[in-house]
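Handing you this structure, nothing more for now.
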């Protein structure tokens, strides 16, 4: 069983910004705003229009770029070829995890229950995406980590500047932050939210 480390930028920055269905032209501007605010990791979901083209363009820039909503080996391979440095899944599929890890690409499969988390970790996950995290909140993550302290969790879903620090304090190695952070057309607002998020977790 192979287990790759999560990207250094994820471990150090503790935030993965998630862009879902954001057009490439806008996403380039969003990426610039995020970087300026101190968010250095961006996950582009594969159900976005021109997702592979977006990943290809962003991979040439300063951000660490990953691909999300991966549900097949083929999608993971194509995303990696486009420049994705890590793969995030909403679920756990043993074939996908093993195949992409064998390619040298960190994988974060999704899980919610203890059994799912243990199964994902046992396959060689670099971290387990706790999803949807909002169903249990930071207290649920803290409870999970009681018996599962060896598992690295990245809670995702319903996270913003008001609760990100609580998830990290509960033991998360990073948090995935989606629509609250990247949705909307106002780049100044996105930058403000990103700065607030970075400020909220700075002392954790």
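Taken together, the values in this text are just the output of simple stated rules run on the coordinates, not laboratory data. Note that the structure is predicted; figures quoted are calculated from it, not measured. Note that each Cβ is placed from the backbone with ideal geometry, even for glycine, and that neighbours are counted across all protein chains shown.
Residue-by-condition table, conditions (1) part of a loop (DSSP other than H, G, I, E, B); (2) surrounded by fewer than 17 Cβ atoms within 10 Å (Cβ to Cβ); (3) under 16 Å from the mean Cα position of the chain (by Cα):
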{"site": "6", "(1), (2), (3)": "yes, no, yes"}
{"site": "29", "(1), (2), (3)": "no, yes, no"}
{"site": "34", "(1), (2), (3)": "no, no, yes"}
{"site": "39", "(1), (2), (3)": "yes, no, yes"}
{"site": "44", "(1), (2), (3)": "no, no, yes"}
{"site": "49", "(1), (2), (3)": "yes, yes, no"}
{"site": "62", "(1), (2), (3)": "yes, yes, no"}
{"site": "74", "(1), (2), (3)": "no, yes, no"}
{"site": "79", "(1), (2), (3)": "no, no, yes"}
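Then there is this: Could you say whether any residue in the range 82-97 is on the phi > 0 side of the Ramachandran plot, surrounded by fewer than 20 Cβ atoms within 10 Å (Cβ to Cβ) and over 17 Å from the mean Cα position of the chain (by Cα)?
Within the range 82-97, not a single residue is on the phi > 0 side of the Ramachandran plot, surrounded by fewer than 20 Cβ atoms within 10 Å (Cβ to Cβ) and over 17 Å from the mean Cα position of the chain (by Cα).
Could you run through the range 62-78 and say how many residues are more than 20 Å from residue 3 (Cα to Cα) and in contact (Cβ under 8 Å) with a residue 24 or more places away in the chain?
5
Starting from the range 175-202, take each residue that is on the phi < 0 side of the Ramachandran plot and touching a residue at least 12 places away in the same chain (Cβ under 8 Å) and list its partners that are in a helix (DSSP H, G or I) and surrounded by fewer than 18 Cβ atoms within 10 Å (Cβ to Cβ), counting only C-beta distances under 7 angstrom and pairs at least six apart or across chains.
Matching pairs, first to second residue: 187/29; 191/36; 193/180.
Within the range 8-27, how many residues are closer than 19 Å to residue 51 by Cβ and either under 11 Å from the mean Cα position of the chain (by Cα) or in contact (Cβ under 8 Å) with a residue 40 or more places away in the chain (or both)?
So the answer is 7.
Can I ask one more? Which fully enclosed helices (runs of 4 or more DSSP H) of the range 153-204 have 2 or more residues being over 18 Å from the mean Cα position of the chain (by Cα)?
Those helices (runs of 4 or more DSSP H) span 187-201.
Still on this model: Just the residues that are crowded, with 20+ Cβ neighbours inside 10 Å and within 25 Å of residue 96 (Cβ to Cβ), please, taken from the range 124-151.
Residues satisfying the conditions are 125, 126, 127, 128, 129, 130, 131, 133, 141, 144, 151.
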